[in-house]
Amino acid sequence: MTGDSFRRFLVRLKHWEYWPFQLIYIPVFVQYLLYSLKYRTFTYPLHINAPYMKYGGFIEESKWEMYQKTPKHLMPLTVYIPCGMSASEVNDIIENENLSFPLILKPDAGMRGLGIVKLNKFEDLKSLSLNPSLNYVLQEYIDTAIEIGLFAMCRKGKWEISSLMQRGFLEISGNGVDSLEELIRANDRAFLQLERLRQENTLDLTEVLNKGATKRLESLGNHRLGTMFINVEERINPVLSESISKLCESLSGFQYGRLDIKIQSWEDFEKLQNFWIIEVNGANSEPAHIYDPSYSIFKAWSSLLYHFNILAHLASERSSESFSSVSLREFRNLYIKHKALK
């Protein structure tokens, strides 16, 4: 193991937010098994969020289907890219829909930011190798000062904001002496991205930033790419809670999940002005504030168990309603397909 590899191992070991998903979720898996035995079904999470989300947003969720059921004025202009399209065909759609670069390209069915790419120009699209078996969505890039993840759930007709996270984009501050690579090496979070940044070759790592100057290393706001998730639950107040209740009520059938939203300011957002819903995540979403570096794994486990406990109770309440059930065999096939897509 090289020196860099060993340091990456130590950084990930010391900070649980980088641990494998399967390890972090061990208590949740146990809880899921217990509720499955209680309700005599492994598919109980699929009952919620109907009809807004197919399968409750738990598995095989389609971003495009969700966008189709979201009021258009709440989200960026978004178009569907069916599988098998060439770059020139995609560009024709861009021109016909009056979209302009930069754009965000996402797999229609994805998770944890996998496969999301920012396209700054047509040449970026041409250089991509689109997977011929995947459908995509293409979305105008909204450049705002603030990007948040807001977890909301409705119990007994009352909405609750249970988690509020703000993305802290990966940035480096210069000192007028060290190169960009040296500055990155001095920052554990940035250091984990160094190998990827080298491969992408979009930054001049020999550049010396002026003292006090900053450079953003990533604009997608993805935890996997180095973005810090900051707990801002102190922003939750009665005015914001009332506004979020109105917002969630406009998403017909939605009752549990995380909304990823771009806003211009907190003051505007409290008035439901100057904001865009980028994505709505359902039963498989998590309260993203737990990945704040100040959060312990024990506090994170407590929050995860609380949320998935609410999920189970909401699902049990809706299971008696007229929503189509999914057999264990169908659920297994959905899982296999989903794993293959990832």
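Coordinate-derived values only; no laboratory data. Every value quoted in this text rests on a predicted model; they were computed, and no experiment measured them. Neighbour counts run over all protein chains shown; Cβ positions are idealised from the backbone, glycine included.
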Subtracting the Cα-Cα distance of N96 and F122 from 0.36 nm times their residue separation yields 7.9 nm
All-pairs alpha carbon distance profile, the stretch 78-141, 5 Å steps from 0, percent:
4, 19, 33, 30, 12, 2, 0
What are the chymotrypsin sites (Phe, Trp or Tyr not before Pro) within the stretch 61-159 that DSSP puts in a loop, where the Cβ has at most 14 other Cβ atoms within 10 Å?
none
How large are Rg and Dmax for the stretch 178-305 when only the alpha carbon atoms are used, in Å?
18.4, 53
Degrees between helix 3-14 axis and first principal axis of the chain (Cα, 0 to 90, nearest 10)
40 degrees
Mind listing P(r) for the chain? All alpha-carbon pairs, 20 Å bins, whole percents.
27, 59, 14, 0
DSSP loop trypsin sites (Lys or Arg not before Pro) in the stretch 86-153 with at most 15 other Cβ atoms within 10 Å of their Cβ, which ones?
R112, K121
Per-pair calculated FRET efficiency, R0 = 25 Å: V11 and T206 via Cβ, rounded to 0.05:
0.60
Compute, for the stretch 171-217, the length of the dipole vector about the Cα centre, with Cβ point charges of +1 (Lys, Arg) and -1 (Asp, Glu) only. Units Debye, rounded to 20.
140 debye
Rg(Cα)/(2.2 N^0.38 Å) for the stretch 171-217, N = residue count:
1.02
Would you mind telling me which residue in L203, L170, L217 has the biggest mean-square fluctuation in a Gaussian network model of the chain, where springs connect alpha carbons within a distance under 10 angstrom?
L203
P(r) for the stretch 37-83, please, calculated from all Cα pair distances in 5 Å bins and given in %.
5, 19, 22, 18, 16, 9, 5, 4, 2
Nearest 5 percent is fine: what portion of the DSSP beta bridges confined to the chain is antiparallel?
100 percent
Measure nothing fancy, just the Cα-based angle from helix 87-96's long axis to the longest principal axis of the chain, in degrees from 0 to 90, nearest 10.
70 degrees
Treating each Cα of the stretch 15-125 as an identical point scatterer and ignoring solvent, apply the Debye formula and state log10 I(q)/I(0) at q = 0.09, 0.14, 0.23, 0.24 Å⁻¹.
-0.38, -0.79, -1.32, -1.38
So how do 277-287, 243-253 stack up, highest first, on mean other-Cβ count within 10 Å?
277-287, 243-253
Given axes a ≥ b ≥ c from the Cα gyration tensor, I'd like to know whether the stretch 122-200 is rounded (a/c under 1.5), prolate (a/b larger than b/c) or oblate.
oblate
Degrees separating the helix 297-318 axis from the principal Cα axis of the chain, which is the longest one
40 degrees
